[in-house]
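Structure first, commentary second.
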Amino acid sequence: MNKNTKTVMLIAAFALLIVVAVIAYDSLSEKVAPQNNIDITQNEGEASQTEQGEETEKIEAPDFTVLDMDGNSVKLSDMIGKPIVLNFWASWCSPCKKEMPEFNEVYEEVGEDITFMMINLVDGQRETVEKGTKYVKDQGFTFPVYFDAEQEAASTYGIRSIPLTLFIDKDGYIITGAQGTIDAETLKKGIELIK
């Protein structure tokens with residue numbers, strides 16, 4: 001086998017490896033990604049049995065640190081003890097802006113019993129703390145807003161698109177989630193799962 005043939009074979013093998021890796025990544029991403037709609041039959045933070053008899057494990061919500069409106073550091077783990085609605089958004093995101101009035105409405109109804117963590121994904125260019133703060137104030141939203149200024153939360157949760165909402169029970173386990181815009185009714189269904 002001459003040198004050119006070996007080089008061509010190596011390039012072909014490398015290209016095949018890349019294709020296999022991309023297919024595997026896409027396949028795993030679909031299996032791990034949050035649901036588009038909340039399934040009210042989700043387990044409630046307890047280990048459960050699948051149809052095949054396999055036990056599924058609870059998924060503990062990974063911790064992260066963000067900043068509150070006053071610039072103080074706040075950890076997700078500081079909020080454990082009450083059910084948590086964790087929402088990732090940005091002021092430039094049209095689907096986020098569409099759902100936020102409904103989040104505010106539900107927050108005003110149940111905010112004493114449920115912790116809302118509305119995480120503004122700050123990238124320093126398209127989204128800044130100033131832009132996020134101005135948007136929230138201009139809209140008159142009353143829910144608590146936190147800023148992911150170091151992109152720690154986005155990195156920890158592998159955020160690829162927003163809005164994304166996760167429902168975490170009082171013990172810190174992710175019960176279910178919704179990718180994309182959700183309405184007040186869907187938000188309330190998710191909250192019922194974590195009460």
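Only one of K75, K134, K82 is touching a Ser or Thr at 6+ places or on another chain (Cβ under 6 Å), surrounded by fewer than 18 Cβ atoms within 10 Å (Cβ to Cβ), free of Cβ contacts under 8 Å to residues at least 60 places away in the same chain and assigned by TED's automatic domain parsing to the domain that holds I162. Can you tell me which?
Unique residue meeting the criteria: K75.
Being at pLDDT 95 or above and in a helix (DSSP H, G or I), is that true of even one residue in segment 118-126?
No - not one qualifying residue is present in segment 118-126.
List the number of the failed condition for D113; all other conditions in (1) in contact (Cβ under 8 Å) with a residue 40 or more places away in the chain; (2) exposed (fewer than 15 other Cβ atoms within 10 Å of the Cβ); (3) more than 24 Å from S77 (Cβ to Cβ) hold.
The number of the failed condition is (3).
For segment 53-72, how many residues are among the polar types (S, T, N, Q) and either crowded, with 17+ Cβ neighbours inside 10 Å or at pLDDT 95 or above (or both)?
2
Give the number of residues within segment 137-155 that are assigned to a loop (DSSP other than H, G, I, E, B) and surrounded by fewer than 16 Cβ atoms within 10 Å (Cβ to Cβ).
Residues flagged as assigned to a loop (DSSP other than H, G, I, E, B) and surrounded by fewer than 16 Cβ atoms within 10 Å (Cβ to Cβ) within segment 137-155 amount to 4.
Does E152 qualify as being free of Cβ contacts under 8 Å to residues at least 24 places away in the same chain and either in the same structural domain as G190 (by TED's automatic domain parsing) or closer than 19 Å to I80 by Cβ (or both)?
Here the answer is no, as E152 does not meet what is asked.
Which condition breaks for G158 when tested against (1) of a type outside the set (V, I, T); (2) free of Cβ contacts under 8 Å to residues at least 12 places away in the same chain; (3) within 23 Å of P101 (Cβ to Cβ)?
The one condition G158 does not meet is (3).
Taking the residues in segment 71-98 that are touching an Asp or Glu at 6+ places or on another chain (Cβ under 7 Å) and not in a loop (DSSP other than H, G, I, E, B) as candidates, determine which candidate is nearest to K188 (Cα to Cα).
L76
From the list V122, V145, which residue is touching a residue at least 60 places away in the same chain (Cβ under 8 Å), among the hydrophobic types (A, V, I, L, M, F, W, C) and either under 16 Å from N72 (Cβ atoms) or touching a helix residue (DSSP H, G or I) at 6+ places or on another chain (Cβ under 6 Å) (or both)?
V145
Quick one: T5 ticks every box in (1) at pLDDT 55 or above; (2) within 20 Å of K170 (Cβ to Cβ); (3) surrounded by fewer than 10 Cβ atoms within 10 Å (Cβ to Cβ) except a single one, so which number is it?
(2)
For residues that are over 17 Å from L86 (Cα atoms) and over 17 Å from the mean Cα position of the chain (by Cα), tally how many sit in segment 99-145.
15
The values are calculated or read from the model by the stated rules, or taken from the named source; none is laboratory data. As the structure is a prediction and not an experimental result, all values here were calculated from the model. No Cβ is skipped: glycine too gets one built from the backbone with ideal geometry, and neighbour counts run over all protein chains shown.
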